[in-house]
Ligand SMILES: Cc1cc2nc3c(=O)[nH]c(=O)nc-3n(C[C@H](O)[C@H](O)[C@H](O)COP(=O)(O)OP(=O)(O)OC[C@H]3O[C@@H](n4cnc5c(N)ncnc54)[C@H](O)[C@@H]3O)c2cc1C
C-alpha cells in the first residue's frame, strides 16, 4: 500500500462544515483533508436547492478553492492505526496509508432511521446534495404522473416525517414549487395535492421559541399543509403511509428527516465513544485519552463552557465555532471551547421566514430577509455568494423552473 504523510502533519478526516473550516483556518500551516466529495455542502441552503430557487452547484463550495493550502484526497476512510499514527483510505486511485502528527476527526453524522415497516424500501432521505436533487426530480415526476392519472390520490401525496429545520424547510420549499408548477399542468389545477408533516414531538421546530414555532405552524396550516404532532409513522408500503393517530395518507413520496446519528465508522477508529456513538472530547476538543487526536462537529459530543452540563447540538453554527477554536488550539494557543448561540433562522418558502435574534423575534418577510442575509454572510467565498445573489434575484422576477433532470448522471449508451 502506498504511504504518504499529511501536509503540515495535520490530517483532517471529513470535508464537511467542521473539517473544511479547520483546514481553511489553519491557512499556510497546511493540512490534508480526506473526504468523499471535493466540496463542502452549505446545508442550510439545501432546501432552496431542492426547490430550484438556487442552482444546486451554488450551495456547495469547492474545497480546493476554500482551503488553498490544504491537500485533498478523495476517498473512503476505512481504518485507523493509533500506534502507527496512520489512516487507511480507499482513494479514487487505489489504497493509501496517510501518516499524521495531528489527527482531526470530523466525519459528521448519518440519517437516523427506525425499524418502521417499509421505511428503508420506499422512503427517501434529505441529507445531502444528491438527496435534494433526487427529491426535486421526484416531486416534478409525480406531477407528470398525476397529469396522466389525476384521480390517483397517492400521486400527489407527500409526507415529511420529522419537523426539525430540515423537514420543515424542505417541505415548505417543495410545497411552494409544486403549487407554482400547477399552472403548467392544466389537468391538475383542480386536483388536490396533499402535503403532510408528521412529528413525534408535541410541536414543530422544537428548537425555536414557542411564539416563532406557532407562527411557522400557522403559516404552514394556512397553506393547507396538514400537521400531525405527537404522531409517528407506523408503516409505509410505497403508496400509503399509516400514521399512529389512525390516519392513512395515500402517498408515493415519504421523506424521512427525523434526526441524525453519529457516523458509524467512528466505532472502528479505536476512539472513546459515548452511548450515542459520538467521540468523547475534553474542553479543548482533544479526544479523551489521546495526545494527538481531536474531534468536532456532528460526530463528537462537544462540551461547551457557555452551556455547562450540555453538549453542543448538531448544527453548522456550532461546527463553525468549534472549527475556529480548534484551528487556534492546533496552532499552539489551546483554550477551552465556548460559544453562546446568537440566534436561529429558517425560511418557510417564498418571502416567509422566522428569525430569533438576541432580544428580537422576527417572522414573515423580515424573518425571511434576515435568514437570507445571514446565510449570505456565512457562505464562504465571494464567488459563491454572488452566484446565490444572482439566483435569488432571478427568482424574484421569473417563475420557478420546472425541468425534471433525473437523467443527469445516466447518459445513454453509445448507439442507444
Ligand atoms: C438538510 C439539512 C439542513 C440543515 N440546516 C441547518 C441549518 O439551517 N442551520 C444549522 O446550523 N445546521 C443545519 N444543518 C446541520 C449541519 O449541516 C450539520 O450540523 C453540519 O454539517 C455538521 O458538520 P460536520 O462537518 O460535523 O458534518 P458534515 O458536514 O456532514 O461533514 C462530514 C464529512 O465527512 C465525510 N465523510 C463521512 N464518512 C466518510 C468516510 N468514511 N470517508 C471519507 N469521508 C467521509 C463526508 O463526506 C462529509 O464531507 C442541516 C443539516 C441538514 C442535513
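Just need a number here: residues in segment 204-251 that are in a loop (DSSP other than H, G, I, E, B) and out of contact with any strand residue (DSSP E or B) (no Cβ under 9 Å at 6 or more places or on another chain).
The first filter runs over segment 204-251 and keeps only residues in a loop (DSSP other than H, G, I, E, B), leaving 204-209, 223-225, 229-232, 237-239, 244-247, 251.
Pick out the ones that are also out of contact with any strand residue (DSSP E or B) (no Cβ under 9 Å at 6 or more places or on another chain) and you get 206, 230, 237, 246.
Within segment 204-251, residues that are in a loop (DSSP other than H, G, I, E, B) and out of contact with any strand residue (DSSP E or B) (no Cβ under 9 Å at 6 or more places or on another chain) number 4.
Name the residue that is farthest from the ligand (Cβ to nearest atom), counting only residues in segment 16-37 that are under 16 Å from the mean Cα position of the chain (by Cα) and in a loop (DSSP other than H, G, I, E, B).
Applying the filter and picking the extreme gives 37.
For residue 125, indicate whether it is within 22 Å of residue 279 (Cα to Cα) and touching a residue at least 60 places away in the same chain (Cβ under 8 Å).
On the way: within 22 Å of residue 279 (Cα to Cα): no; touching a residue at least 60 places away in the same chain (Cβ under 8 Å): yes.
No.
Restricting attention to segment 25-43, which residues are under 18 Å from residue 332 (Cβ atoms) and either surrounded by fewer than 22 Cβ atoms within 10 Å (Cβ to Cβ) or assigned by TED's automatic domain parsing to the domain that holds residue 174 (or both)? Let's see the steps before the verdict.
First, the residues of segment 25-43 that are under 18 Å from residue 332 (Cβ atoms): 25-31.
Of everything in segment 25-43, those that are under 18 Å from residue 332 (Cβ atoms) and either surrounded by fewer than 22 Cβ atoms within 10 Å (Cβ to Cβ) or assigned by TED's automatic domain parsing to the domain that holds residue 174 (or both) turn out to be 25, 27, 28, 29, 30.
Quick one: would you say residue 134 is farther than 18 Å from residue 224 by Cβ, surrounded by fewer than 19 Cβ atoms within 10 Å (Cβ to Cβ) and touching a strand residue (DSSP E or B) at 6+ places or on another chain (Cβ under 8 Å)?
Taking the combined requirement at face value, the residue satisfies it.
Quick check on this structure: which one of 368, 294 is in contact (Cβ under 8 Å) with a residue 12 or more places away in the chain and part of a strand (DSSP E or B)?
Details: 368 fails: part of a strand (DSSP E or B).
Exactly one of 368, 294 is in contact (Cβ under 8 Å) with a residue 12 or more places away in the chain and part of a strand (DSSP E or B), namely 294.
Output the number of residues of segment 137-164 satisfying the condition of being within 13 Å of the ligand (Cβ to nearest atom) and surrounded by fewer than 21 Cβ atoms within 10 Å (Cβ to Cβ).
1
Could you tell me whether any residue of segment 187-199 is farther than 27 Å from residue 152 by Cα, outside any strand (DSSP E or B) and at pLDDT below 95? If you could, list the steps in order and put the result at the bottom.
Taking segment 187-199 as the starting set, the residues that turn out to be farther than 27 Å from residue 152 by Cα are none.
No - not one qualifying residue is present in segment 187-199.
Please go through (1) surrounded by 14 or more Cβ atoms within 10 Å (Cβ to Cβ); (2) assigned by TED's automatic domain parsing to the domain that holds residue 21; (3) more than 16 Å from the ligand (Cβ to nearest atom) for residue 338 and return the number of the only condition it doesn't satisfy.
(2)
So, residue 325, is that one crowded, with 21+ Cβ neighbours inside 10 Å and in contact (Cβ under 8 Å) with a residue 12 or more places away in the chain or not? Break it down stepwise before answering.
Values: crowded, with 21+ Cβ neighbours inside 10 Å: yes; in contact (Cβ under 8 Å) with a residue 12 or more places away in the chain: yes.
So residue 325 fits the description; yes.
Would you pick out the residues in segment 90-107 that are surrounded by 14 or more Cβ atoms within 10 Å (Cβ to Cβ) and either in contact (Cβ under 8 Å) with a residue 60 or more places away in the chain or within 22 Å of residue 273 (Cα to Cα) (or both)? Break it down stepwise before answering.
In the first step, residues of segment 90-107 are kept if they are surrounded by 14 or more Cβ atoms within 10 Å (Cβ to Cβ); the result is 91, 96-100, 102-107.
Correct list: 96, 97, 98, 99, 100, 102, 103, 104, 105, 106, 107.
Given the conditions (1) assigned to a loop (DSSP other than H, G, I, E, B); (2) surrounded by 19 or more Cβ atoms within 10 Å (Cβ to Cβ); (3) more than 12 Å from the ligand (Cβ to nearest atom), report the number of the one that residue 117 does not fulfil.
Result: residue 117 passes all but (2).
For residues in segment 44-71 being in contact (Cβ under 8 Å) with a residue 40 or more places away in the chain, farther than 30 Å from residue 140 by Cβ and surrounded by fewer than 22 Cβ atoms within 10 Å (Cβ to Cβ), which is nearest to the chain's Cα centre (by Cα)?
Out of the qualifying residues, it is 66.
Identify all residues within segment 300-340 that are in contact with a helix residue (DSSP H, G or I) (Cβ under 6 Å, 6 or more places away or on another chain), more than 12 Å from residue 285 (Cβ to Cβ) and not in a loop (DSSP other than H, G, I, E, B); write none if there are none.
If the condition is that a residue be in contact with a helix residue (DSSP H, G or I) (Cβ under 6 Å, 6 or more places away or on another chain), more than 12 Å from residue 285 (Cβ to Cβ) and not in a loop (DSSP other than H, G, I, E, B), then 316, 320 are the ones that fit.
Within segment 63-83, is there a residue that is under 21 Å from residue 265 (Cα atoms) and in a loop (DSSP other than H, G, I, E, B)?
Of segment 63-83, the ones under 21 Å from residue 265 (Cα atoms) are 72-83.
Remaining after also requiring in a loop (DSSP other than H, G, I, E, B): 82-83.
Checking segment 63-83: at least one residue is under 21 Å from residue 265 (Cα atoms) and in a loop (DSSP other than H, G, I, E, B).
The values are calculated or read from the model by the stated rules, or taken from the named source; none is laboratory data. Given the structure is predicted, the values throughout are model-derived calculations rather than measurements. FYI the Cβ positions are ideal-geometry reconstructions off the backbone, even for glycines, and counts take in every protein chain you see.
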